[in-house]
Structure formats: C-alpha cells, structure tokens
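Note sheet for the following structure.
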Amino acid sequence: MKIGLFLTQVGRHEDDWTIPVYQDLLRAWEQQHSVRVFPLHYPPESAAYELYGAYVFPLGLSGDPLPAEALPELAQSVFAEVKRHHHTLPFDAFMPIAPTSAAIWRPRIGEALGGAQPWVSLAEADLVGLQEIRFGWQLDPEAATLVTEVLSNATLLIAPSRYAADLTHYHLRLAKLNSHNRVYVVPFGVDVTHFHLPEVDQRPREFIHVGPLVPVKRQDILLKLIARIPGAQLDLVGEGVLREPLEVLAERLNIADRVVFHGHVPYEKLPAFYQEASFFLLTSQHEMFGLEALQALACGTDVYGSQVGILPEIGHTAPFGSVDGLLTQLLARPRMHSERNRMRRHWLATQHYTAQHMAQGILNVLRLARAEAL
C-alpha cells in the first residue's frame, strides 16, 4: 500500500525520538509498504531523507506551530507539493495526523488528490476547550471551525482510545455532520522491546509520574494526592513551564523532601524509571491517549489516574480531580502476587498495544473502509 503521512514533526534519524509513537509506526511498516512523510515544522530543513524505510520530505516551516488563522496561508505551497508526489506515485491513502495541522486540507482532499483515500488521526488539543487552563483549540472560534471542516471532509476518523472516540462522536453530533463520517478506535502502540519487564524485578521507587510539566497534565492534583499518603515518595520525570510553581507547591504541602524532580530524561533511559517503580500516576485533565501510561504498563508498573485517554482501559481510575477517588483506589490495591501481576500487565501490552498492533489496526481500518466503499 502507498501511504502518505502529514505530521507536524518527525525525527531526523532513528535516534531522534521527536514523537516516538509515529517513528514506531514507520518501523512497523518498514519494507512492507511505500510510505512518504510530510512533516510541517520539524525538521526545519527541506532536504529529503529516509527514516525506517519511509521517505521524508520536510516542508521546511521551522518554529512553533502557527495560529489557526495562519494555517490556510500554507495551503497553496504545501498542497502543491503533496499533489506533485501523488501525481508521480499515487497514494492509496493519505493521513493528516491532526485536524489542526490538517487545516490546510480545507478542500476535499480526496477529490483534490484524485481519489486517494484520506483519513484523519485525532490529536491532543483539537476537540477540547478547557477554559480553566486555557488549553484546546475549541477555545478559539476560528480554530474550532477549522477542526469541524476537516472532520466533515475526512473519509475516516481514527481515535486512539474509547475516550477519544466518545469525544469525537460528541463533536460530530454537535456539528450535525453527515453520516459518512466514520470513527474507528486504533490504540497507539509501544515498543515492547524497549519498554519491558526488568531482568531482576526490584522496585525501589514507589510512585512515578512521567510527562511534561504543563497545565493539562495537572501535576498540582498529583502533589495533593501524594500529600494525602503518609510517607509516600514520588519521582517526577519531565520538564516544563510549571516546574518552579510545582516545586513551590511541594514546599507548601510539606512534601518537598518526598518529591524528586528529575527533569528531562532521554527516551532511551525511560524504561529504567518505570521498571524501578511500583505505581505510575497520571492525573491529567485531558488525554487523547496517554502514551506514558502504556509505557509504564509494558514495564509491569501499576497504572492509576484520571478517567481520560487509555487509562480506563488499562489501569485504575477516578473522575478527573478526585483526590479522594484515587486515594480509595490506591488503598484498595492488591498486596499479594505482585510479580505475577506485573507479568500480567506486560502481557496485556504485548497482546494488544504494540507498535505492530497499531500499524496493522490502521491497515485493517483502511481495507475495511475501502471494501465498504466498493
């Protein structure tokens, strides 16, 4: 199958883990399909290169993502580039990863590409508008309109979790979009050769959190939870704009001596942190998926958190913001057969949530949709 991917960014080489989940996808498709990738923002250079057997054609727009009103201005040059590739070697399917980055596809892309079947994979900020933390494209009327237009024109919509699918269905109903919109759930996958059980399963760390220190992750709730558990130790892995405020909050809650801020940890060193921890905590206000929770699961770590993303499907959850609810879940955790339970979690990841499952799941959806269209 000849596949085109439109991304915001992708690694320059195999050790540049810009967005690991999509590089794992390329590797799963390696040598089996003809894949061309068109990253919008990164890498900033325009020279083509090869990554896991896919050919990458950077569009050369460096810097941070543009605001919604600026995106349509990119349409002419970007669209011309993709159409040129389609004319040379026609795509069987074309995938804009997110409605916001796909706003340049305001024309009906299937018609413009001469019948190539497009589908859209939903991203983090597209379908929410969280006023409290000023997060999400739905807070901006123009951005929300762009998202609706792309959802309306997409042949397929692929959501990475049931939570994301429910959110997508809600927006389709709200916009009274036509029934040709199809929503499929294909979970993200993790590299279980990278994230796996340790050879010697000893867990010197108690609680761990991995993720950027940004408002939507709501680490403030996480710290309040730790303050309610006497003697609990927390390792925070990640960097971001909220590090200093969170350090201040830890001091105010009198838990600064029980919380370690590790800052950024390279991708290749992340498994060791999960493998050394008993519990992974994610108290996000919103997640379309929550890849860190899946990485933890593959390492056998018990997952607790908000009822967002993939967490209700793989872990123990409570409604967002409910410290009491999470505390109840943690107090009820099993005390026996810990090694067997860790093996069971890793087995769950290997059976349902690998990069190969993600790659095959997308192909299955495409083939099903093509068969139904005939």
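The values are calculated or read from the model by the stated rules, or taken from the named source; none is laboratory data. Treat the numbers as computed from the prediction; the structure is a model and nothing was measured. Cβ placement follows ideal geometry from the backbone for every residue including glycine, while neighbour counts extend to all protein chains displayed.
Structure summary
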| read-out | value |
| --- | --- |
| Top-ranked residue in the range 253-267 [being touching a residue at least 24 places away in the same chain (Cβ under 8 Å) and assigned to a helix (DSSP H, G or I); ranked as farthest from the chain's Cα centre (by Cα)] | R258 |
| Some residue of the range 230-244 being in contact with a Leu (Cβ under 6 Å, 6 or more places away or on another chain) and part of a helix (DSSP H, G or I) | yes |
| Any chance A277 is buried (at least 23 other Cβ atoms within 10 Å of the Cβ), out of contact with any Leu (no Cβ under 7 Å at 6 or more places or on another chain), under 30 Å from L122 (Cα atoms) and not charged (D, E, K, R) | no |
| Matching residues, the range 268-290, being out of contact with any Ser or Thr (no Cβ under 9 Å at 6 or more places or on another chain) and under 29 Å from Y184 (Cα atoms) | L281 |
| Condition check for P230: in contact with a Lys or Arg (Cβ under 9 Å, 6 or more places away or on another chain) and either surrounded by 19 or more Cβ atoms within 10 Å (Cβ to Cβ) or over 23 Å from I314 (Cα atoms) (or both) | no |
| Conditions (1) surrounded by fewer than 21 Cβ atoms within 10 Å (Cβ to Cβ); (2) touching a helix residue (DSSP H, G or I) at 6+ places or on another chain (Cβ under 8 Å); number of the one not met by Q329 | (2) |
| Selected residue [assigned by TED's automatic domain parsing to the domain that holds L236, free of Cβ contacts under 8 Å to residues at least 24 places away in the same chain and of a type outside the set (A, V, I, L, M, F, W, C)] from T328, T301 | T328 |
| Test set (1) over 22 Å from A277 (Cα atoms); (2) surrounded by fewer than 21 Cβ atoms within 10 Å (Cβ to Cβ); (3) in contact (Cβ under 8 Å) with a residue 12 or more places away in the chain - E206 fails condition number | (1) |
| Hits in the range 205-237 (condition: under 13 Å from T301 (Cβ atoms) and out of contact with any Ser or Thr (no Cβ under 9 Å at 6 or more places or on another chain)) | V210, D235, V237 |
| Members of the range 126-135 found to be surrounded by fewer than 22 Cβ atoms within 10 Å (Cβ to Cβ) and either of a type outside the set (D, E) or modelled with pLDDT under 80 (or both), listed by number | V128, G129, L130, Q131, I133, R134, F135 |
| Test result for S152, surrounded by 19 or more Cβ atoms within 10 Å (Cβ to Cβ) and not assigned by TED's automatic domain parsing to the domain that holds E339 | no |
| Residues (assigned to a helix (DSSP H, G or I), among the polar types (S, T, N, Q) and in contact (Cβ under 8 Å) with a residue 24 or more places away in the chain) located in the range 124-160 | T148, S152, N153 |
| Output for the range 1-29, where each listed residue is in contact with an Asp or Glu (Cβ under 8 Å, 6 or more places away or on another chain), crowded, with 20+ Cβ neighbours inside 10 Å and among the hydrophobic types (A, V, I, L, M, F, W, C) | I3 |
| The range 1-32: number of residues that are without any contact (Cβ under 8 Å) to a residue 60 or more places away in the chain and among the β-branched types (V, I, T) | 3 |
| Close pairs (9 angstrom Cβ cut-off, 6 or more residues apart or separate chains): modelled with pLDDT under 85 in the range 168-192, of a type in the set (D, E) and in a helix (DSSP H, G or I) anywhere | R182/E372 |
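Residues are listed down the side, and each one gets a yes or a no for (1) of a type in the set (V, I, T); (2) modelled with pLDDT of 90 or more; (3) loosely packed, with under 14 Cβ neighbours inside 10 Å:
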residue: Q31; (1), (2), (3): no, no, yes
residue: S34; (1), (2), (3): no, yes, no
residue: H41; (1), (2), (3): no, no, no
residue: V56; (1), (2), (3): yes, yes, no
residue: G60; (1), (2), (3): no, no, no
residue: L66; (1), (2), (3): no, no, no
residue: E69; (1), (2), (3): no, no, yes
residue: Q76; (1), (2), (3): no, no, yes
residue: A80; (1), (2), (3): no, no, yes
